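The values are calculated or read from the model by the stated rules, or taken from the named source; none is laboratory data. Since the model is a prediction, treat every value here as computed from it, not as a measurement. So basically every Cβ, Gly included, is an ideal-geometry build from the backbone, and we count neighbours across all protein chains shown. Protein only, heavy atoms only, side chains kept; ligands, DNA and RNA dropped before computing areas. Shrake-Rupley method; radii C 1.70, N 1.55, O 1.52, S 1.80 Å.
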Amino acid sequence: MLKLTREHYDSFRRHGEETYPYECCGVLLGRMSDDGGGIRLVTSTACCGNTRTDSPHNRYHIDPRELVRIQREGRERGEDIVGFYHSHPDHPARWSSTDLAEAHWIGCSYVITSVEHGKAAITNSFELTGTDEDDKRLVDETLEIA
Ligand SMILES: [Zn+2]
């Protein structure tokens, strides 16, 4: 389960509207809850530039150097990377085979917002489960706005 505030939820949905008709992308930072229930708590979000200039309407890519910087700055605040978000301009909020192929952070959430005609529509969250690249899967998970 992914837990986040209305403010965080609105911020990545707005980001998707701003970059429309291109995909937006960013990082969710926070921590795993202490009760062992596999709940990821979001405490901040970081917008990223989409470095996919070849096909930005249906692909996203976060610059690895930007990701390292976000991770380092998060750690200084006591936060870990708990997930990633991106948008699907005029496409459903379901993961694509490319999304799965390019997801590498097992145990993290992958949040997808469909943006229809420039307006954020449905947002879904998926957890990347499995043990390695060969058996990884994206599984539906609950997204709770607290
Ligand atoms: Zn996608």
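Things worth noting here:
- The set of residues in region 100-111 being near the ligand (Cβ under 10 Å from one of its atoms) and under 23 Å from LYS3 (Cα atoms) consists of LEU100, ALA103, TYR110.
- Yes/no for ILE122 being within 16 Å of the ligand (Cβ to nearest atom), over 14 Å from THR19 (Cβ atoms), open to solvent by 30 Å² or more (accessible area, probe 1.4 Å) and among the aliphatic types (A, V, I, L, M): yes
- Given (1) over 23 Å from PRO89 (Cα atoms); (2) open to solvent by 60 Å² or more (accessible area, probe 1.4 Å); (3) touching a Gly at 6+ places or on another chain (Cβ under 7 Å); (4) among the hydrophobic types (A, V, I, L, M, F, W, C), number of the condition MET32 does not satisfy: (3)
- Verdict on ILE106 being crowded, with 16+ Cβ neighbours inside 10 Å, β-branched (Val, Ile, Thr) and within 28 Å of ASP134 (Cβ to Cβ): no
- Criterion applied to ARG14, ARG31, ARG69, ARG52 was being in contact (Cβ under 8 Å) with a residue 60 or more places away in the chain and either touching a Pro at 6+ places or on another chain (Cβ under 6 Å) or among the basic types (Lys, Arg) (or both), and the one residue passing it is ARG14.
- Screening LEU2 against (1) modelled with pLDDT of 95 or more; (2) over 13 Å from the mean Cα position of the chain (by Cα); (3) not charged (D, E, K, R) leaves a single unmet condition, (2).
- Filtered residues of region 56-66 (kept if over 12 Å from CYS24 (Cα atoms) and either surrounded by fewer than 12 Cβ atoms within 10 Å (Cβ to Cβ) or within 16 Å of the ligand (Cβ to nearest atom) (or both)): PRO64, ARG65
- Looking only at residues in region 75-99 that are surrounded by fewer than 21 Cβ atoms within 10 Å (Cβ to Cβ) and over 19 Å from GLU127 (Cβ atoms), the one that is nearest to the ligand (Cβ to nearest atom) is HIS91.
- Unique match (being within 12 Å of the chain's Cα centre (by Cα), closer than 17 Å to SER11 by Cβ, open to solvent by 20 Å² or more (accessible area, probe 1.4 Å) and at pLDDT 95 or above) among THR45, THR113: THR45
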